[in-house]
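What follows is a set of notes on a single structure, which appears directly below.
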Amino acid sequence: MPERGVSEAARGVAAMVAACTIWGLSPIYYRLLDHIPPLEVLAHRTIWSLVFFAGVLALQGRLGALGRALGSLGAVWVTALAALFISSNWFLFIYSVQIGRTTQTSLGYYMFPLVAVLIGRVVFKERLGHAQWLAVALAAAAVVVLTLGTGTAPWIALTLAATFGLYGLMKKRQPAGPVVSVTAEVLLLSPIAVAVIWAAHAGTGGAFGAGGQDTALLMLSGPITATPLILFSYAARRAALATVGLVQYLNPTLQFFCAVAIFGEPFGLWQGVAFPMIWTALAIYSWAALRVSRASPRPATSAEVPSAVLTSPRSEGSAKP
């Protein structure tokens, strides 16, 4: 029995590493589509994600859960707000990669757990320890350094962190699991996505069907969105929450690697000061979270899938870039 437990945990960590690797390297995929308007790419991501997720639920015999997830007006409103925040997050991520700002996307996802802490403090009145306040203060100081040093605020990073934080807030109000809830979200977005694709083809001539590579890449957006989420859900049921949270730092780290090493984006003095401040803040925050985890260990359950890096255990689901 103990050996089986170790094996389950190891498989969970492996699934988490695989999920974060797909998320972290996804800028390479979206850079291949940089000649297609980001709104059109987003529309295809929505449609093909719906096709893929609905197929998964159908194979599992769980399509009825989708109806239950949208079974009341209140549930529809919460799902619609979640869809608004995640679609805004997805669009900004795609747009940022296409215009050569992947460094800022990595910064945004590094900052997200600290934004989540602030949301927990403001909305749920959660108490923050000294280490958490120090981490938040360091992150705020990094934003000030970037703003003063470069002459403009890192609005892409801040908006990505904020929209994903607000998305996590909505997920806490959705009783459905991550796959069902994300399927419901893209279902609500699909009429808008269809309208965008129709307008693209009626105007300048949409990318889908115009060339074999673009068509295949756009269809691939469904599996690229769905596969890491499914792996994430698998991992969260088997690995410790603290481990899941720490491994998630792999995502923005790989995004940072793509930006600097592959895309050759500039990384100047002020970024060289601000990023280590963010990394130090996350190290402090992670150390504090691990102390809490060791003081009151409890297994992760399917209802406790964190929405991102070491956030409150109440957060559910994830729909990273």
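Here are the numbers for the structure shown:
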{"item": "Sole residue being open to solvent by less than 10 Å² (accessible area, probe 1.4 Å) and either within 29 Å of Phe263 (Cβ to Cβ) or free of Cβ contacts under 8 Å to residues at least 24 places away in the same chain (or both), chosen from Gly168, Gly151, Gly120", "result": "Gly168"}
{"item": "The stretch 226-241, subset at pLDDT 90 or above and either open to solvent by less than 10 Å² (accessible area, probe 1.4 Å) or of a type in the set (Lys, Arg) (or both), residue nearest to Leu57 (Cα to Cα)", "result": "Ala226"}
{"item": "Residue in the stretch 125-138 that is open to solvent by 20 Å² or more (accessible area, probe 1.4 Å) and touching a Pro at 6+ places or on another chain (Cβ under 7 Å) present", "result": "no"}
{"item": "From the options Phe93, Phe52, residue that is under 25 Å from Pro178 (Cβ atoms), in contact with a Ser or Thr (Cβ under 9 Å, 6 or more places away or on another chain) and open to solvent by less than 40 Å² (accessible area, probe 1.4 Å)", "result": "Phe93"}
{"item": "Some residue of the stretch 289-304 being crowded, with 19+ Cβ neighbours inside 10 Å, of a type in the set (A, V, I, L, M, F, W, C), at pLDDT below 80 and assigned to a helix (DSSP H, G or I)", "result": "yes"}
{"item": "Residues within the stretch 34-49 that are under 23 Å from Arg101 (Cβ atoms) and open to solvent by less than 10 Å² (accessible area, probe 1.4 Å), tallied", "result": "6"}
{"item": "Test: residue in the stretch 124-135 that is modelled with pLDDT under 90 and under 19 Å from Gly272 (Cα atoms)", "result": "yes"}
{"item": "Residue in the stretch 156-164 that is at pLDDT 90 or above, over 28 Å from Leu66 (Cβ atoms) and surrounded by fewer than 19 Cβ atoms within 10 Å (Cβ to Cβ) present", "result": "yes"}
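The values are calculated or read from the model by the stated rules, or taken from the named source; none is laboratory data. Note that the coordinates shown come from a computational prediction; the quantities given were computed from them, not determined experimentally. Backbone-built Cβ (ideal geometry, glycine too); neighbour counts: all protein chains shown. Ligands, DNA and RNA are stripped out before the accessible areas are found, and what is left, the full protein with its side chains, is counted by its heavy atoms. Shrake-Rupley method; radii C 1.70, N 1.55, O 1.52, S 1.80 Å.
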